1. Got a number for residues in region B:14-54 being more than 15 Å from the chain's Cα centre (by Cα) and open to solvent by less than 60 Å² (accessible area, probe 1.4 Å)?
2. Quick test of your reading of the structure: B:Glu3 fulfils all but one of (1) under 26 Å from the mean Cα position of the chain (by Cα); (2) more than 7 Å from chain A (Cβ to nearest Cβ). Name the failing condition by number.
3. Within the bounds of region A:58-75, is there any residue that is within 11 Å of the chain's Cα centre (by Cα), among the aromatic types (Phe, Trp, Tyr), on the phi < 0 side of the Ramachandran plot and open to solvent by less than 20 Å² (accessible area, probe 1.4 Å)?
4. Check A:Glu179 against each of (1) free of Cβ contacts under 8 Å to residues at least 12 places away in the same chain; (2) of a type outside the set (A, V, I, L, M, F, W, C); (3) surrounded by 15 or more Cβ atoms within 10 Å (Cβ to Cβ) and name the one condition it does not meet.
5. Restricting the search to region A:90-124, which residues are touching an Asp or Glu at 6+ places or on another chain (Cβ under 9 Å) and under 25 Å from B:Val39 (Cα atoms)?
6. Do the conditions hold for A:Met165, that is, is it within 14 Å of another protein chain (Cβ to nearest Cβ), more than 21 Å from A:Ala19 (Cα to Cα) and surrounded by fewer than 17 Cβ atoms within 10 Å (Cβ to Cβ)?
7. Name the helices (runs of 4 or more DSSP H) wholly within region A:151-250 that hold at least 3 residues that are under 19 Å from the mean Cα position of the chain (by Cα)?
8. Taking only pairs six or more apart or across chains, which ones have beta-carbon atoms under 6 Å, a first residue in region B:20-47 that is facing chain A (nearest Cβ under 7 Å), and a second residue that is open to solvent by 30 Å² or more (accessible area, probe 1.4 Å) and outside any helix (DSSP H, G or I)?
Amino acid sequence: MWTWFHKLASPPHFYRLSAKMIPWFAVPGIALVVYGSYAGLFLAPADYQQGDAFRIIYVHVPAAYLSMMTYMVMAISAGIGLIWRIKLSHAVAAAAAPLGAWFTFLALMTGSIWGRPMWGTWWEWGDPRLTSQLLMLFIYFGYMALRTAIDDPLKADRASAVLAMVGAVNIPIIHFSVEWWSSLHQGATLVREGGPAMPVEMLYPLLANIVGFTFLFGALVLGRVRTEVLFRERRKRWVRNLLLPDGDLE
Amino acid sequence: MSEMFAMGNYGAYVWSCFGLTLAVLVICVVQGAQRHKSVLNDVKTRIRAMESDT
């Protein structure tokens, strides 16, 4: 088990294997998102309260879910890197951050566009769900800024890991904000007592998009970890042999 | 057909959300690919410069 793990975490091995793994995430991811979005837009019945506006759920919920999932991936990888000094772990955390920031931005934007016809406002400053989600966007920005600000990669890894772990406090706050405080935002639709609050024709496309987006995230993060690994290992022999085989000097 | 796309007067809201999502996914792919390419080129240039020195 440990030898297997060490082999996987060895940069040259990871670099080779990850290139083969990306299609295994990208292809099912695209298929699920195409099905989920089509079925969500055209096959699912309109909501009895929100009409067709509810269809925004098919992109808003996957984006919001992934914004938090990506944060957990980032914070846990950073933590593992900090404790066990695994460089690949830090590379995963660094690769996840920009994706997480994009998903957070997407969740905020689609939420705002959904809020306009439903709540009559694009944004509400006092709202706990909205503001804690916005705070997460700033934490992502802070994490990325801190990494770029520190030249020494070892120090950048450690300092940004601490920031990522401290910022994880915000995750349960986002999740439970709609229960702890009064919020414009509706409560949980899927993970709630008594099961999901929607019929299967609405539910299956949503689940397809959530799983599909997660697969797409897998493909995207693998690609970015490869870039990180290549950069971090740029002085190593295996990178040289990989990029310039046969002593090619052109 | 046009009724399907009208989304009961919520068309502008629904389609802008889906369009935005597609745009963000495309940006994520393109950004990642561009960065990989630029790192690849930088590393190659560096290795070549080093090896032609010796």
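1. 11
2. All conditions are met except number (1).
3. Checked region A:58-75: at least one residue is within 11 Å of the chain's Cα centre (by Cα), among the aromatic types (Phe, Trp, Tyr), on the phi < 0 side of the Ramachandran plot and open to solvent by less than 20 Å² (accessible area, probe 1.4 Å).
4. For A:Glu179, the failing item is (3).
5. Quick first cut of region A:90-124, residues touching an Asp or Glu at 6+ places or on another chain (Cβ under 9 Å) only: A:90-95, A:115.
Matches in region A:90-124: A:His90, A:Ala91, A:Val92, A:Ala93, A:Ala94, A:Ala95.
6. no
7. Values: elements: A:153-167, A:170-180, A:200-232, A:237-243.
Counting at least 3 such residues, we get A:153-167, A:170-180, A:200-232.
8. Matching pairs, first to second residue: B:Val43/A:Arg234.
The values are calculated or read from the model by the stated rules, or taken from the named source; none is laboratory data. Keep in mind that what you see is a predicted model, and the values were worked out from it rather than measured. For neighbour counting, all protein chains shown are included, and Cβ atoms are generated from backbone atoms with ideal geometry for every residue, glycine included. Surface accessibility is based on the protein's heavy atoms, side chains included, excluding ligands, DNA and RNA. Shrake-Rupley method; radii C 1.70, N 1.55, O 1.52, S 1.80 Å.
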